[in-house]
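Asks: Before we start, here is the structure in question, set down as structure tokens.
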Amino acid sequence: MTRTILVVEDESTLRETLVDALEIEGFRALGAPDGRQAILRFRAEKPDLILLDLMLPELSGVEVCRIIRAESAAPIIMLTAKDGEVDKVVGLELGADDYVTKPFSLRELTARIRAIFRRAEQASAGPAQPMIDLGHVRIDLAGHRLLRNGEPVALKPKAFELLAFLVRNPGQVFTRDQLLERVWGYDYAGETRTVDVHVHWLRAELEEDPGSPRFIQTVRGTGYVFRRD
Ligand code: CA
């Protein structure tokens, strides 16, 4: 499995050097020269790890980190220009997984990257998937079940798959077409109405007031998003 790494760095020489070096190390590496493009590429490519420079045009590294963290748990390594304690603290508080201070050696950076991937592999090998507690219902991702008062709720398998997909990507808005692709598969010749019907079923089970849903929300003109808060 080839891991994809997004390199967010406005200094073009450094960015290209990093992209080339990571490709040589066997990763798939993509570059983004500013914060805005970083977010676009992050959403389009779903990288497995992000190298994030802190001082960036358009959106700062801090902003980019906050946006990515709100949408994904993908590991982030901050690249800090100054040897500033403040940057490190801010970065880690924002949910960055690690940081390296410029100038750094490629050897040091790739060691950090491999360490993060190793930790992720170990974590996923364990008794991984959590029980998602929504109060009156719980979602058992490992057991593919929805529980109400501890009792399994009868759900069509695709409805559960849709729920599990949304729950694993909280805060991320998906169009009906994207949901069809991701949950039903690229070859599925159905129509987007299928998604609406399944969402309707899920809301009937999950929501205290299905007419005013709290967890699976409609984003007008776009699609659906799962929120927990
Ligand atoms: Ca910079």
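The values are calculated or read from the model by the stated rules, or taken from the named source; none is laboratory data. Keep in mind it's a predicted model, so treat the numbers as computed, not measured. Please note: Cβ atoms are built from the backbone with ideal geometry, for glycine as well, and neighbour counts cover all protein chains shown. Surface accessibility is based on the protein's heavy atoms, side chains included, excluding ligands, DNA and RNA. Shrake-Rupley method; radii C 1.70, N 1.55, O 1.52, S 1.80 Å.
Asks: Just to verify a result, which residue in the range 1-12, among those that are in a loop (DSSP other than H, G, I, E, B) and free of Cβ contacts under 8 Å to residues at least 60 places away in the same chain, is surrounded by the fewest Cβ atoms within 10 Å (Cβ to Cβ)?
Replies: Step one: filter the range 1-12 for residues in a loop (DSSP other than H, G, I, E, B), giving 1-3, 9-11.
Right, trim to free of Cβ contacts under 8 Å to residues at least 60 places away in the same chain and you get 1-2, 10-11.
On the way: Met1: 3, Thr2: 7, Asp10: 18, Glu11: 16.
Checking each candidate, the answer is Met1.
Asks: Residue by residue through the range 38-65, note down the ones that are without any contact (Cβ under 8 Å) to a residue 40 or more places away in the chain and touching a strand residue (DSSP E or B) at 6+ places or on another chain (Cβ under 7 Å).
Replies: Ala38, Arg41, Phe42, Leu54, Cys65
Asks: Hey, another quick one. Would you tally the residues in the range 132-154 being open to solvent by 80 Å² or more (accessible area, probe 1.4 Å) and touching a residue at least 40 places away in the same chain (Cβ under 8 Å)?
Replies: Residues flagged as open to solvent by 80 Å² or more (accessible area, probe 1.4 Å) and touching a residue at least 40 places away in the same chain (Cβ under 8 Å) within the range 132-154 amount to 1.
Asks: I need the strands (runs of 3 or more DSSP E) fully contained in the range 131-229, keeping only those with at least 1 residues that are among the basic types (Lys, Arg) and out of contact with any Gly (no Cβ under 6 Å at 6 or more places or on another chain).
Replies: Of the strands (runs of 3 or more DSSP E) lying wholly inside the range 131-229, those with at least 1 residues that are among the basic types (Lys, Arg) and out of contact with any Gly (no Cβ under 6 Å at 6 or more places or on another chain) span 137-140, 145-148.
Asks: Tell me which of these Arg15 doesn't satisfy, since it passes every other one: (1) assigned to a helix (DSSP H, G or I); (2) open to solvent by 70 Å² or more (accessible area, probe 1.4 Å).
Replies: For Arg15, the exception is condition (2).
Asks: Considering Val173, Val199, Val219, which residue is in contact with a helix residue (DSSP H, G or I) (Cβ under 8 Å, 6 or more places away or on another chain) and either surrounded by 15 or more Cβ atoms within 10 Å (Cβ to Cβ) or closer than 27 Å to Arg69 by Cα (or both)?
Replies: Criteria check complete, one pass: Val199.
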